[in-house]
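The values are calculated or read from the model by the stated rules, or taken from the named source; none is laboratory data. Here the structure is a predicted model, which means the values were calculated and not measured. As a convention, Cβ positions derive from the backbone with ideal geometry for all residues, glycine included, and neighbour counts pool all protein chains shown. For the accessible areas, the whole protein counts, side chains as well, though only heavy atoms, and no ligand, DNA or RNA atoms are used. Shrake-Rupley method; radii C 1.70, N 1.55, O 1.52, S 1.80 Å.
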Amino acid sequence: MIFRVNNTLTNQLLLILVAIYLALQIYPNLEEHLFLFNRAILSDGQIHGVAEGEWWRLITAGFLHAGLMHLLFNCLALYTLGTPFEALYGRTRYVILLLISLVAGSYASITFNAENQVSVGASGAIFGLFGALLVVGRSLGAETRPTLTLLAINTVIAIAVPNIDWRAHLGGLAGGVVVATVYKFTPRRRGGAD
């Protein structure tokens, strides 16, 4: 076989992200039931949002993207960073890292943005991977300045360019640092199922 795709969780997530993006091109009205905001009146005239008990928005927003370029950049980052972290941590710890980073980013978004500010994208989870990269790199004595430089550039771009939720980025980064730090002090069990 010339081309072989590994059945990793990272690759499965990439397929899910693309499938959801394509589905929303066909059913765009579905997006308002999934994107992140704290409280707002939607097209049905009702008040919706996380503050109204729609907690799933903290997670579902991570599977939505504001255009093809947003999707492509997040998929590239997820593939580049996620693949080695999945191998390093195993599936279970990798999922926990992604989920906590995503929720931390979403929580930062609804906490520090206007309550009706909409947010979408996997960037909270992606920045969580950057946070984990910093922790792992420092633990191994690796040079972390390139990662810090990339994070600084991304933060400046996110603050300078309208409609990028830099608060979600920083929340995800913090979540990733916390999770990777916990992992550093609680090593994976040998032979444990992941």
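Using label points projected 7 Å from each Cα along Cα→Cβ, tell me how many nm separate THR92 and ASN116, to one decimal.
4.5
Counting only heavy atoms of protein chains, what accessible area per residue, in Å², does segment 52-140 have with a probe of 1.4 Å?
45
Can you list the residues, at least 5 places off or on another chain, whose amide H is less than 5 Å from the amide H of GLU54, using H built in the peptide plane?
GLY49
Once both axes come from the Cα atoms, what is the angle between helix 145-160 and the longest principal axis of the chain, in degrees from 0 to 90, rounded to 10?
10
Rounded to the nearest percent, how much of the accessible area of segment 16-165 (1.4 Å probe, protein heavy atoms only) is carbon and sulfur?
Summing carbon and sulfur atoms, their accessible area is 68 percent of the total for segment 16-165.
At 7 Å along the Cα-to-beta-carbon direction for both THR155 and LEU76, put a label point, then send me their distance in nm to one decimal.
Result: 2.3 nm between the two label points.
Rounded, prolate or oblate for segment 115-194? Axes are the square roots of the Cα gyration tensor eigenvalues, ordered a ≥ b ≥ c, and the cut-off for rounded is a/c under 1.5. Can you show the working numbers first?
Values: a/c = 3.37, a/b = 1.63, b/c = 2.07.
Oblate is the answer for segment 115-194, as a/c is 1.5 or above yet b/c matches or exceeds a/b.
Let me know the whole percent of all Cα-Cα pairs from the chain that are separated by more than 27 Å. The partial results should precede the final answer.
Values: 5568 of 18721 pairs.
Cα-Cα pairs of the chain separated by over 27 Å account for 30 percent.
Express in whole angstrom the spacing between the alpha-carbon centres of segment 76-95 and segment 159-174.
With segment 76-95 and segment 159-174 each reduced to a Cα centre, they are spaced 22 Å.
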